[in-house]
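What follows is a set of notes on a single structure, which appears directly below.
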Amino acid sequence: MPLCPPLIRHLNTPDLFVTIDRLPCLGTPVSDRTFEIFNPSTGELLAELPDMGAEETRAAIGKAHVAQPEWAALTARERSDILWRWHQLIVDHADDLAAILTAEMGKPLAEAKSEVSHAAAYLQWYAEEANRIYGETISAPSTDRRMLVIKQPIGVVGTITPWNFPASMVARKISPALAAGCTIVLKPAEQTPLVAGAMFALADKAGFPEGVVNLVFASEGDAVGRELCSNPKVRKISFTGSTEVGRLLMRQCSDQIKKLSLELGGNAPFIVFDDADIDAAVDGAIQAKFRNAGQTCVSANRLYVQASVHDRFVDEFVEKVRRLSVGDGFDPAVAIGPLIDRHALAKIESHIADAVAKGGAVRCGGNRIGKEGTLFQPTVLTDISCEMAVAREETFGPLAPIIHFEDADRIVHEANDTIYGLAAYFYASNLKRVWRVAEALEYGMVGINTGRMSSEAAPFGGIKQSGIGREGSRHGLEDYLEMKYLCMGGL
Ligand code: NAP
């Protein structure tokens, strides 16, 4: 049995999910190797899953390749209907999916529920968008020709997802691919395969034809990744994760000039100008920094606050951060769950040590909670300068470094001084400043007077080394379509 009692006791319909190691979309493991999944809050064993590799991935790609022409040949409405059924099943089982997510990833149950509803929203959006794939006609330069463009699905797509949003990343990637007429093979992150497995159990119930959705569980990404990148039947890779692995996949895809969508790391600036609504900026910073314990690619990584409002902002912010409770995500009073693992703890500690050694001050937090586990106090640092590691690297944890600035024009230049270009935030009220700053920030997404901007209706993605392509909105569908130009002569 893959799911253990500590997880089963949280579920309303355990029977639906206990067989996720034997799903039709999973394929047959070639060995009896397994890997274990633990609750990062309690250390309890949650499940044991088959550990798959290149051979199982090749088999899954083969099934996806056989199924793809028939899936693409369905009408858009038929594909849409199946996506709708999957959406409804996810809504019906949202509480169970959220409980699985909290158990394996640690985030507070309320955040897990919100993530599952975000995942369902992607399925709903792309069930609708499936019906809105348009081509174009072009005015021909001569009267004996007609010129037009049709859009066709790319083919088989290999998808790899991270642990920090293990439900919504699955939906955000594969729902546009399926709507476009592609078939998919998905490998979820080693730490969080269970919610993906549960979503695929519901996909099997929704009635996708055999081979359209395929799942590979693996304790290590590299063998699966190499097969996805090198197998010529896979026409595109869609990856969310670190910039380092994104670079590697790009290299591995280069031999076949394989298409790629990459959603990678960030180093988001959060700028508070002197004309901002400070109360709103404090609330926005709490959201943008501490949601998911700071483990989001769009987390505010460095906070810049203008001199005349700096002290007031810091006082209000620190007071609110001190009130954030940390603990087991199943406790309804908890706002911040555990970090995913001990590497994450070590990274925060190294960022704090580096900042303090170079003159930074700890205003609250700064320590682990307990000797076991991965709980860390939400932490605020001041007197930060831009050469400290905390201002240059993605921390991926509940650590907010605050940088004091005087010159409003120079600060945008400083905010842009990074290899990353995913998300940026700023608070200001002067309309001229709002436009000037929004246009000058070199990021794929800019939150203006808000700390939260993800939506299925909007194009999510980065520039520079934060990625290629967009997910969500009508643009997310385009990433799974090829353009074909048709020229009819002799007319
Ligand atoms: P990661 O180490 O890059 O892992 C992400 C996924 O890639 C996992 O499924 C992992 O599998 C797999 N993987 C690892 N090495 C691989 C390889 N050599 N070949 C193929 N696949 C491989 O990233 P993470 O630590 O899980 O996630 C955090 C990072 O993701 C952060 O940098 C964050 O900013 C970024 N992120 C970006 C977005 C976005 O939309 N831009 C969203 C969320 C997260 P295993 O777990 O099995 O190793």
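The values are calculated or read from the model by the stated rules, or taken from the named source; none is laboratory data. None of the values given here were measured: they were computed from a predicted structure. We place every Cβ from the backbone using ideal geometry, glycine too, and count neighbours over all the protein chains shown. Note: areas computed on protein heavy atoms with side chains; ligands, DNA, RNA excluded. Shrake-Rupley method; radii C 1.70, N 1.55, O 1.52, S 1.80 Å.
Miscellaneous remarks
- Search result, residues across segment 274-291 that are buried (at least 22 other Cβ atoms within 10 Å of the Cβ) and either under 29 Å from the mean Cα position of the chain (by Cα) or within 16 Å of the ligand (Cβ to nearest atom) (or both): ALA281, VAL282, GLY284, ALA285, ALA288, LYS289, PHE290, ARG291
- Pairs, first at negative phi in segment 248-273, second modelled with pLDDT under 95 and more than 11 Å from the ligand (Cβ to nearest atom), C-beta under 8 Å, six or more apart: ASN267/ARG392; PHE273/ALA408
- Taking segment 413-453 as the range and being closer than 30 Å to GLU244 by Cβ, open to solvent by 50 Å² or more (accessible area, probe 1.4 Å) and not acidic (Asp, Glu) as the test, the residues that pass are HIS413, ILE419, ARG452, MET453.
- Any hit, segment 325-343, residues being within 16 Å of the ligand (Cβ to nearest atom) and assigned to a helix (DSSP H, G or I): yes
- Residue match in segment 351-362 (condition: modelled with pLDDT of 95 or more, farther than 18 Å from ALA268 by Cβ and touching a helix residue (DSSP H, G or I) at 6+ places or on another chain (Cβ under 7 Å)): yes
- ILE348 being open to solvent by less than 10 Å² (accessible area, probe 1.4 Å), free of Cβ contacts under 8 Å to residues at least 60 places away in the same chain, not assigned by TED's automatic domain parsing to the domain that holds GLY43 and not charged (D, E, K, R): yes
- If you go through segment 247-271 and keep only what is assigned to a strand (DSSP E or B) and more than 21 Å from the chain's Cα centre (by Cα), you end up with just ILE271.
- Test: ARG22 is under 24 Å from GLY211 (Cα atoms) and loosely packed, with under 14 Cβ neighbours inside 10 Å: yes
- Of all residues in segment 191-205, at least one satisfies being open to solvent by 10 Å² or more (accessible area, probe 1.4 Å), over 18 Å from the mean Cα position of the chain (by Cα), assigned by TED's automatic domain parsing to the domain that holds SER473 and farther than 18 Å from ALA98 by Cβ.
- Filtered residue count, segment 217-237, keeping only those that are touching a helix residue (DSSP H, G or I) at 6+ places or on another chain (Cβ under 7 Å) and more than 10 Å from the ligand (Cβ to nearest atom): 4
- Considering the conditions (1) surrounded by fewer than 19 Cβ atoms within 10 Å (Cβ to Cβ); (2) of a type in the set (A, V, I, L, M, F, W, C); (3) within 29 Å of LEU264 (Cβ to Cβ), VAL309 is excluded by exactly one of them, (3).
- Count of residues meeting criterion [of a type in the set (Gly, Ala, Ser) and surrounded by fewer than 22 Cβ atoms within 10 Å (Cβ to Cβ)] in segment 250-272: 1
- Sole residue being away from the ligand (no atom under 16 Å from the Cβ), charged (D, E, K, R) and without any contact (Cβ under 8 Å) to a residue 12 or more places away in the chain, chosen from LYS358, LYS371, LYS320: LYS371
- Segment 464-476: number of residues that are more than 11 Å from the ligand (Cβ to nearest atom) and surrounded by fewer than 23 Cβ atoms within 10 Å (Cβ to Cβ): 4
- Any hit, segment 7-18, residues being touching a Pro at 6+ places or on another chain (Cβ under 9 Å) and of a type in the set (Asp, Glu): no
- Residues satisfying the stated conditions in segment 146-168, i.e. part of a helix (DSSP H, G or I) and either open to solvent by 20 Å² or more (accessible area, probe 1.4 Å) or touching a Phe, Trp or Tyr at 6+ places or on another chain (Cβ under 6 Å) (or both): none
- Restricting attention to segment 238-266, the residues that are of a type in the set (A, V, I, L, M, F, W, C) and either within 9 Å of the ligand (Cβ to nearest atom) or modelled with pLDDT under 95 (or both) total 6.
- The condition of being touching a residue at least 40 places away in the same chain (Cβ under 8 Å), more than 21 Å from LEU481 (Cα to Cα) and open to solvent by less than 10 Å² (accessible area, probe 1.4 Å) does not hold for ALA171.
- Residue in segment 227-243 that is part of a loop (DSSP other than H, G, I, E, B) and open to solvent by less than 10 Å² (accessible area, probe 1.4 Å) present: no
- Test: residue in segment 72-79 that is touching a helix residue (DSSP H, G or I) at 6+ places or on another chain (Cβ under 8 Å) and closer than 18 Å to LEU202 by Cα: yes
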